[in-house]
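The values are calculated or read from the model by the stated rules, or taken from the named source; none is laboratory data. No experiment lies behind these values; they were computed from the predicted model shown. Glycine gets a Cβ as well: all are built from the backbone with ideal geometry, and neighbour counts include every protein chain shown.
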Amino acid sequence: MIQDRPFQRIADEVDRRTKQFADMYKIRKQTVEHPWGTIKRAMGFSYFLTRRTENVRTESLLHFLVYNIKRAINIIGTRQLVGILQG
């Protein structure tokens, strides 16, 4: 460990945890990072159009809603989804 760098102790701890939980990070990469990449690249939401925390939060929730609807259509189909939504 190099002591002359600020925050080196924290960086070393992060490296240790990353190595310790490598299997968990691999699963996270497969399950969590994929939707983010799809939302950003395939759907074109690479930056926020709004400002202020409340507006950005609302915009991101709309991105996730669109992603989830698109995913549901791909899994069960449009007709079945419409039937489910109609009750």
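Condition check for Ile73 on (1) of a type in the set (Val, Ile, Thr); (2) modelled with pLDDT of 95 or more; (3) exposed (fewer than 12 other Cβ atoms within 10 Å of the Cβ): one failure, at (3).
Could you list all residues from the stretch 25-65 that are surrounded by 10 or more Cβ atoms within 10 Å (Cβ to Cβ) and touching an Asp or Glu at 6+ places or on another chain (Cβ under 8 Å)? Listed by number, the residues that qualify are Phe48, Thr50. Filtered by the rule that a residue be under 18 Å from the mean Cα position of the chain (by Cα) and not in a helix (DSSP H, G or I), the stretch 1-48 gives Met43, Gly44, Phe45, Ser46, Tyr47, Phe48.
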